[in-house]
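See below for the structure under consideration.
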Amino acid sequence: MPYIQARLTVEANEVQKDELQSKITEAVAVALSKPTAYIMTEIEDKCSLYMAGNKLDKGAYILVRLLGTTTKQACDALTKQICGILNSDFGIDSKNVYITYHPEELWGWNNMMF
């Protein structure tokens, strides 16, 4: 049940978005032990992101919402993986990436609550 929202300052074509969602989905599934069938990903490119009051040419904000809790170690591993993907695929330096984790107790899907 993770939902991953990726906001990138760079432009990404549909192929790049598809590849990014695939890589992030796999990283989340492995690091957080979640089935890929329930992972939803949103990717928004060409966002205006600012850090310390300065507009980032290459930066990203990743939000990860998940049902239940996880460990700091799992989040640390996932953070490293996501930063690596963003760097290799888009040239985004990890110092310009924020990733936040939001465990949720209540999550609905398909007319029911988990």
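The values are calculated or read from the model by the stated rules, or taken from the named source; none is laboratory data. A quick note: this is a predicted structure, and the numbers were derived from the prediction, not measured. Every residue, glycine as well, gets a Cβ built from its backbone with ideal geometry; the counts of neighbours run over all protein chains shown. These accessible areas exclude ligands, DNA and RNA; they are computed on the full protein's heavy atoms, side chains included. Shrake-Rupley method; radii C 1.70, N 1.55, O 1.52, S 1.80 Å.
Okay, helix-only estimate at 222 nm for the chain: each DSSP H run of n ≥ 4 adds -39500 (n - 2.57), divide by all residues, round to 500 deg cm²/dmol; what do you get?
On the way: 2 runs with 38 residues, N = 114.
Using -39500 (n - 2.57) per qualifying helix, the result is -11500 deg cm²/dmol.
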What three numbers, in Å, describe the spread of the alpha carbons of region 36-89 along their principal axes, ordered from the longest? 35, 23, 22
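Within the accessible area of the chain, what % is carbon and sulfur when the probe is 1.4 Å and the other protein chains stay in place? Write down the numbers at each step before the final one.
Numbers: 3360 of 6760 Å².
Answer for the chain: carbon and sulfur cover 50 percent of the accessible area.
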Here region 98-114 yields Karplus 3J(HN,Hα) values (6.51, -1.76, 1.60; θ = phi - 60°; whole Hz; Gly and Pro given as x) of 10, 10, 10, 10, 10, x, 10, 8, 10, 8, x, 6, 6, 6, 8, 9, 6
Summing Lys, Arg as +1 and Asp, Glu as -1, what charge do residues with Cβ under 14 Å from the Cβ of residue 57 carry, residue 57 excluded? +1
Tell me the label-point distance for the pair residue 72, residue 111, using the 7 Å Cα-to-Cβ offset, in nm and rounded to one decimal. 4.4
Non-local amide H neighbours of residue 107 (under 5 Å, H modeled in plane, Pro and chain starts lacking H): which ones? 114
Determine which aspartates and glutamates satisfy two conditions relative to residue 95: a Cα distance under 18 Å, and not lying fewer than 8 residues away in the same chain. 57, 76
For region 18-34, take each phi angle, set θ = phi - 60°, evaluate the Karplus expression 6.51 cos²θ - 1.76 cosθ + 1.60, and give the result in whole Hz per residue in order, putting x for glycine and proline. 4, 5, 5, 5, 5, 5, 5, 4, 5, 4, 5, 4, 6, 5, 9, 6, 10
Mind checking which lysines have their Cα closer than 22 Å to the Cα of residue 34? Skip sequence neighbours fewer than 8 apart in that chain. 17, 23, 72, 80
Under 5 Å between amide hydrogens, which residues at least 5 positions from residue 47 or on another chain qualify, with H placed 1.01 Å from N in the peptide plane? 8, 9, 10
Could you work out the pair-distance distribution P(r) of the chain from its alpha-carbon pairs, with 5 angstrom bin width and percents rounded to whole numbers? 2, 12, 23, 24, 18, 12, 7, 2, 0
Mean accessible surface per residue for the chain, computed with a 1.4 Å probe while every protein chain stays in place, in Å²: 59
Two pseudo-spin positions, 7 Å from Cα along C-beta at residue 40 and at residue 54, lie apart in nanometres by 3.7
